[in-house]
Amino acid sequence: MTIHNLDDSGTQTYNIDTYTTEIGTEKESNKIESSMENGKKKVRKKFTRTRKTINLTITLMPEAVFQAFEVFYGNVELYASFNWTDPITSDIYTVRIKDPIKFTKRQRRTVFYDFNLVLEEV
């Protein structure tokens, strides 16, 4: 995911995939099940397409990149959709942020942030 931050010197671009340490995906259940009188189950597709939930673990994000991400997060929050490119497969998904983000701030010589980002395909 690339975040653009406009400041006094022009546009700065940050790629948070650099700080993504783990990507997990899960497909939603796409079936409807009904029980018949004789005890058998009838199963069929619920939707024509199965959506994915994408779990990203972000670690050691520097403060400058985190501040740009906060602006992005403030703009999209939990309702606006955006395009996300999987850094491994280069597949592009239209997603939105599913759950509020909880950040952990760590300090070594400089300040770093860790958080989990859950995206759902729309």
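Read-outs: derived from the displayed coordinates by stated rules, not from any lab. These numbers were taken from a predicted model, which means no experiment stands behind them. Quick reminder, even Gly has a Cβ in these numbers, built from the backbone with ideal geometry, and neighbours come from all protein chains shown.
Taking amide H atoms as placed 1.01 Å from N in the peptide plane, the amide H of residue 113 lies under 5 Å from those of 60, 61, 106, each 5 or more residues away in sequence or on another chain.
Amide H contacts under 5 Å for residue 51: 28, restricted to partners 5 or more places along the chain or on a different chain, H placed in the peptide plane at 1.01 Å from N.
For residue 75 and residue 53, compute 0.36 nm times the residue count separating them, minus their Cα-Cα distance, and round to one decimal in nm. Show your work: numbers first, answer last.
Values: separation 22, 0.36 × 22 = 7.92 nm, distance 2.08 nm.
Taking 0.36 nm per residue and subtracting the Cα distance, the gain is 5.8 nm.
Backbone phi angles across segment 34-46, fed through the Karplus curve with coefficients 6.51, -1.76 and 1.60 (θ = phi - 60°), yield HN-Hα couplings of 10, 8, 8, 4, 7, x, 6, 10, 9, 10, 8, 6, 8 Hz in residue order; Gly and Pro are listed as x. In order along segment 105-116, phi translates into HN-Hα couplings of 9, 10, 10, 10, 7, 10, 8, 10, 10, 10, 6, 9 Hz, rounded to whole numbers, per the Karplus curve 6.51 cos²θ - 1.76 cosθ + 1.60 with θ = phi - 60° and x for Gly and Pro.
Each peptide in 34-40, 78-84, 114-120, 91-97 gets a packing score, the mean of other Cβ atoms within 10 Å over its residues, and the list from highest to lowest is 114-120, 91-97, 78-84, 34-40.
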